Amino acid sequence: MPQNTSSSPNYAYVITANHLITGEVVYVAQDQTWTPWIQHALTYADDTQMQAALTLAQSQTETVVGVYSAKVQITDTGIETTHFREAFRVTGPSNYAHGKQQESLFNV
Amino acid sequence: MYKYSEFDHAFIAERNRQFRTQVAHRLNGTLTEDEFKPLRLMNGVYLQLHAYMLRVAIPYGTLNSTQMNALADIAERWDKGYGHFTTRQNIQFNWPKLSDIPDILDHLATVEMHALQTSGNTIRNVTTDHFAGAAKDELFDPRPYAELIRQWSTDHPEFQFMPRKFKIAVTASPEDRAVTKAHDIGLRGLIRDGQIGFQVIVGGGLGRTPMVGKILKEFIPINELLPYLEATVSVWNLLGRRDNKYKARIKITVHEHGIDDIRARVEDRFNLIKLGYGPMDLEYVETLKAHFSEPDYDISEAHFELPKTGPMAAWIDTNTHAHKQDAYVSVSISLKKHGDTPGDASARQMRIIAELAKHFAHDEIRISHEQNVILPHVPKRHLAQIYEVLRSVNLNTANTGLISDIIACPGMDYCALATARSIPIAQQIAQHFDALKLEHDIGPMKIKISGCINACGHHHVGHIGILGLDRAGVENYQITLGGDGGPNMTLGDRMGPGFSAQEVIPAIERIVFAYLDVRQASDETFLDCYRRVGSDPFKTALYHASETQAAE
């Protein structure tokens, strides 16, 4: 599936969910596995491809729960969320640094 | 406090065994998520924004040191080293793995705790006055009756799949520190002709349709309490709207049918079922009361002097409450250090609180619905030692009932339902007024913040209420003023258009400065002042401050 890598601001989708065992926020990765890091996520600019990927992801009920697509913006610095809810899912809580933001791969 | 019977131990063990099997079936794919979700919710397990969340019941907010240490164990071993005390006197763990939760529940069972009915459309944890059994102003200790209700409602076969959740609060103080009028059923203790009973209030609630509860029965004697409660819940279970979850709570049923119609239906049902109950086993109530017997008070003469000035004096002034024994006080341990997350306690803090309770306070701990921890029975002569220990772990903040003692729901920092953040707003307000050194001058002030319309932060009954919403992808905060969760519960008045996250702290400051400007004297509280002058000065401060300044 193509990844949109346009240098100008551009909208696309990522497929996201929570991991079944840990509950951690995860994304469909470029290698079709699940990754906790949005910067490793596969993006879908094409709605038909996104829907197909969403259907496939929703079938992985023994790995993830609560699968949906989230709108993102592709910028020169990478994948950026377009809604603050998704931003907190990327980083973890904002009251103090814990959750994903404490992990070494944050902002990869 | 209540000690489990053999039946209780066996019941919890069996339920835990069942859930362990259900989790295994979910993980191996035998159960789908749709099949598993109601099962995990029956055991207090939610899936939140970043992780699973386990909500553990603390019946009527009562704990002992062993139980508090077990909560610390869970925080350290299976979570991120802390727990979050909630507005229903429970505790939530924000980061457990699903595969670990059966072990957590087994650990809870060793200290007679569980997570049953902390979620789902059942009767939830019964709440009560956090000073129950200790308060100088109470008529009697309401906890034996709260325990009676807990036993009746736990696993009640008729009430496991109701239209929505159902919340009961019990108080026996005229001050009503349990906010009974905001509950599906609120019980207010009374003594008539020497007989203990309750006034029954029904149909209160907050959420998207806030309503003040109405009196269903002026007095129900204790020997008829359970059949009357059963009749009330049963009538609603039949009438309640199952077609629309937003209209399913009993407050809507009461509103749509009218209190007189509901009262007549409840009386009919009550008369039908009370014979089946037989004469209430008052002997059993006496047995329950024995579980809540008063501690062996140490009222021997002791030589001690409490400080009159300084930080400890300020703490004693704000964080202690009158006890029925003159030599005692109830201590509120604030979980609202300026800038910290309201209601959070680290495992170390939990263990210190447990030690203090064990050594100085008759091994009793309470959780308040305002997200603080209470030592209900503290000899005054131990206050100085307790203060120093609390100071060593940042639990000595002298702010109970003041502007930084804020109720805040988890909001979008944790909650999957939230539409905006609550906690950072609470953190900023607390830090802002701490920096201004105005907190004690402002006096009694209850700010309550919810991160969505479900109102878990009780914003409708905040003197200042703040509701966080999502307005076109941006956090926006509506302000209400004049709410009150006390005996004469009042819903706050919405002021006008909301404020952005950046604007809301200055907006709160303008409200406070307007209050300081218009109050008649330093002892006129914000709430009294608001009731006297109305909303106009505050609306002007909120929305026309720049015009006022320009005119000056």
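The values are calculated or read from the model by the stated rules, or taken from the named source; none is laboratory data. In this text the structure is predicted, and so the values were computed from the model without any measurement. In this analysis, Cβ positions are derived from the backbone assuming ideal geometry, glycine residues included, and neighbour counts consider all displayed protein chains.
Exactly one of (1) within 25 Å of B:Asn94 (Cα to Cα); (2) without any contact (Cβ under 8 Å) to a residue 40 or more places away in the chain; (3) more than 12 Å from every other protein chain (Cβ to nearest Cβ) is unmet by A:Thr33. Its number?
Exception for A:Thr33: condition (1).
Would you say A:Val28 is surrounded by 15 or more Cβ atoms within 10 Å (Cβ to Cβ) and within 10 Å of the chain's Cα centre (by Cα)? Explain how you work it out, then say what you get.
Numbers: surrounded by 15 or more Cβ atoms within 10 Å (Cβ to Cβ): yes; within 10 Å of the chain's Cα centre (by Cα): yes.
It is true that A:Val28 is surrounded by 15 or more Cβ atoms within 10 Å (Cβ to Cβ) and within 10 Å of the chain's Cα centre (by Cα).
Identify, please: which residue in segment A:79-106 is in contact (Cβ under 8 Å) with a residue 40 or more places away in the chain and in a strand (DSSP E or B) and is, among those, nearest to the other protein chains (Cβ to nearest Cβ)?
A:Thr81
So how many residues does segment B:1-41 have that are among the hydrophobic types (A, V, I, L, M, F, W, C) and more than 30 Å from B:Glu286 (Cα to Cα)?
From segment B:1-41, those among the hydrophobic types (A, V, I, L, M, F, W, C) are B:1, B:7, B:10-13, B:19, B:23-24, B:27, B:31, B:36, B:39, B:41; that's our starting set.
This time we only want the ones that are more than 30 Å from B:Glu286 (Cα to Cα), so: B:19, B:23-24, B:27, B:31, B:36, B:39, B:41.
Counting residues in segment B:1-41 that are among the hydrophobic types (A, V, I, L, M, F, W, C) and more than 30 Å from B:Glu286 (Cα to Cα) gives 8.
Looking at (1) among the aliphatic types (A, V, I, L, M); (2) within 14 Å of chain A (Cβ to nearest Cβ); (3) without any contact (Cβ under 8 Å) to a residue 12 or more places away in the chain, find the lone condition where B:Ala426 falls short.
For B:Ala426, the failing item is (3).
I need a count of the residues in segment B:101-112 that are buried (at least 21 other Cβ atoms within 10 Å of the Cβ) and either away from chain A (no Cβ under 12 Å) or acidic (Asp, Glu) (or both). Working first, answer last.
If we filter segment B:101-112 for residues that are buried (at least 21 other Cβ atoms within 10 Å of the Cβ), which is where we start, we get B:101, B:104-105, B:108.
Cutting the leftovers down to either away from chain A (no Cβ under 12 Å) or acidic (Asp, Glu) (or both) gives us B:104-105, B:108.
Total meeting the criteria: 3.
Say whether the condition of being under 12 Å from B:Pro342 (Cβ atoms) and outside any loop (DSSP other than H, G, I, E, B) is met by at least one residue in segment B:439-448.
Within segment B:439-448 (the criterion being under 12 Å from B:Pro342 (Cβ atoms) and outside any loop (DSSP other than H, G, I, E, B)), the answer is yes, since at least one residue qualifies.
Which of the residues that make up segment B:448-475 are within 14 Å of chain A (Cβ to nearest Cβ), in contact (Cβ under 8 Å) with a residue 40 or more places away in the chain and either of a type in the set (Asp, Glu) or more than 16 Å from B:Asp413 (Cα to Cα) (or both)?
Within segment B:448-475, B:Asp470, B:Glu475 qualify.
Sort out for me the helices (runs of 4 or more DSSP H) sitting completely within segment B:217-282 that have 1 or more residues that are within 21 Å of B:Thr154 (Cβ to Cβ) and aromatic (Phe, Trp, Tyr). Don't jump to the end; show me each part of the working.
On the way: elements: B:225-239, B:250-257, B:259-277.
In segment B:217-282, the matching helices (runs of 4 or more DSSP H) lie at B:225-239, B:259-277.
For segment B:508-523, what are the residues that are among the acidic types (Asp, Glu) and surrounded by fewer than 16 Cβ atoms within 10 Å (Cβ to Cβ)?
Passing the criteria: B:Asp517, B:Asp523.
I'd like the full set of residues that are modelled with pLDDT under 85 and either within 15 Å of B:Pro221 (Cα to Cα) or in contact with a strand residue (DSSP E or B) (Cβ under 7 Å, 6 or more places away or on another chain) (or both), limited to segment B:272-282.
Looking only at segment B:272-282, we keep the residues that are modelled with pLDDT under 85, and these are B:276-282.
Correct list: B:Tyr277, B:Gly278, B:Pro279, B:Met280, B:Asp281, B:Leu282.
Pick from segment B:335-374 the residues that are free of Cβ contacts under 8 Å to residues at least 60 places away in the same chain and in contact with a helix residue (DSSP H, G or I) (Cβ under 6 Å, 6 or more places away or on another chain): which of them is surrounded by the fewest Cβ atoms within 10 Å (Cβ to Cβ)?
B:Phe360
Which one of the conditions (1) at positive phi; (2) within 23 Å of the chain's Cα centre (by Cα) does B:Leu335 fail to meet, given that it meets all the rest?
Among (1) at positive phi; (2) within 23 Å of the chain's Cα centre (by Cα), B:Leu335 violates only (1).
Scan segment B:41-56 for residues that are among the hydrophobic types (A, V, I, L, M, F, W, C) and away from every other protein chain (no Cβ under 14 Å) and jot them down.
Narrowing segment B:41-56 to residues among the hydrophobic types (A, V, I, L, M, F, W, C): B:41-42, B:45, B:47, B:49, B:51, B:53-54, B:56.
Scanning segment B:41-56 gives B:Met42, B:Val56.
Residue by residue through segment B:32-61, note down the ones that are within 19 Å of A:Pro93 (Cβ to Cβ) and of a type in the set (Lys, Arg).
B:Arg55 - this is the single residue of segment B:32-61 that is within 19 Å of A:Pro93 (Cβ to Cβ) and of a type in the set (Lys, Arg).
Under 24 Å from B:Ala541 (Cα atoms), buried (at least 18 other Cβ atoms within 10 Å of the Cβ) and out of contact with any strand residue (DSSP E or B) (no Cβ under 8 Å at 6 or more places or on another chain): which single residue out of B:His463, B:His440, B:His432, B:His459 fits that description? So that I can check it myself, show each step before the final result.
Values: B:His463 fails: out of contact with any strand residue (DSSP E or B) (no Cβ under 8 Å at 6 or more places or on another chain); B:His440 fails: buried (at least 18 other Cβ atoms within 10 Å of the Cβ); B:His459 fails: out of contact with any strand residue (DSSP E or B) (no Cβ under 8 Å at 6 or more places or on another chain).
On inspection, the qualifying residue turns out to be B:His432.
B:Thr86 fails exactly one of the following numbered conditions: (1) crowded, with 24+ Cβ neighbours inside 10 Å; (2) at negative phi; (3) more than 13 Å from chain A (Cβ to nearest Cβ). What is the number of that condition?
(1)
Mind listing whichever residues of segment A:31-78 are over 13 Å from the mean Cα position of the chain (by Cα) and in a helix (DSSP H, G or I)?
Of everything in segment A:31-78, those that are over 13 Å from the mean Cα position of the chain (by Cα) and in a helix (DSSP H, G or I) turn out to be A:Asp47, A:Thr48, A:Gln49, A:Gln51, A:Ala52, A:Thr55, A:Leu56, A:Gln58.
Taking interchain pairs and intrachain pairs at least six residues apart, which have beta carbon atoms under 6 angstrom, with the first residue in segment B:520-539 and farther than 14 Å from B:Asp441 by Cα and part of a loop (DSSP other than H, G, I, E, B) and the second charged (D, E, K, R) and at pLDDT 95 or above?
B:Ser535/B:Asp493
Of the residues that sit in segment B:25-40 and are of a type in the set (D, E, K, R) and either without any contact (Cβ under 8 Å) to a residue 60 or more places away in the chain or more than 8 Å from every other protein chain (Cβ to nearest Cβ) (or both), which one is nearest to B:Leu54 (Cα to Cα)? So that I can check it myself, show each step before the final result.
Start the filter on segment B:25-40 by keeping residues that are of a type in the set (D, E, K, R), which leaves B:26, B:33-35, B:37, B:40.
Imposing the further condition that a residue be either without any contact (Cβ under 8 Å) to a residue 60 or more places away in the chain or more than 8 Å from every other protein chain (Cβ to nearest Cβ) (or both) reduces the set to B:33-35, B:37, B:40.
On the way: B:Glu33: 17, B:Asp34: 19, B:Glu35: 19, B:Lys37: 13, B:Arg40: 10 Å.
Of everything passing the filter in segment B:25-40, B:Arg40 is nearest to B:Leu54 (Cα to Cα).
Out of segment B:1-31, which residues are surrounded by 13 or more Cβ atoms within 10 Å (Cβ to Cβ), out of contact with any helix residue (DSSP H, G or I) (no Cβ under 8 Å at 6 or more places or on another chain) and over 17 Å from B:Pro102 (Cβ atoms)?
If the condition is that a residue be surrounded by 13 or more Cβ atoms within 10 Å (Cβ to Cβ), out of contact with any helix residue (DSSP H, G or I) (no Cβ under 8 Å at 6 or more places or on another chain) and over 17 Å from B:Pro102 (Cβ atoms), then B:Asp8 is the only one that fits.
Those residues that are β-branched (Val, Ile, Thr) and surrounded by fewer than 21 Cβ atoms within 10 Å (Cβ to Cβ), I need them from segment B:50-83; list them, please. So that I can check it myself, show each step before the final result.
Start the filter on segment B:50-83 by keeping residues that are β-branched (Val, Ile, Thr), which leaves B:56, B:58, B:62, B:66, B:74.
Listed by number, the list holds a single entry, B:Thr66.
Taking the residues in segment B:175-194 that are in contact with a strand residue (DSSP E or B) (Cβ under 6 Å, 6 or more places away or on another chain) and part of a loop (DSSP other than H, G, I, E, B) as candidates, determine which candidate is surrounded by the most Cβ atoms within 10 Å (Cβ to Cβ).
Selected residue: B:Ala178.
Which is outside the structural domain of B:Lys165 (by TED's automatic domain parsing) and touching a Ser or Thr at 6+ places or on another chain (Cβ under 7 Å), of B:Leu436, B:Leu469, B:Leu383? Give the derivation first.
Numbers: B:Leu436 fails: touching a Ser or Thr at 6+ places or on another chain (Cβ under 7 Å); B:Leu383 fails: touching a Ser or Thr at 6+ places or on another chain (Cβ under 7 Å).
It is B:Leu469.
Looking only at segment B:128-153, which residues are among the hydroxyl-bearing types (Ser, Thr, Tyr) and in a helix (DSSP H, G or I)? Even if it seems obvious, please write down each step before you answer.
Initially, segment B:128-153 is screened for residues among the hydroxyl-bearing types (Ser, Thr, Tyr), giving B:128, B:145, B:153.
Result: B:Tyr145, B:Ser153.
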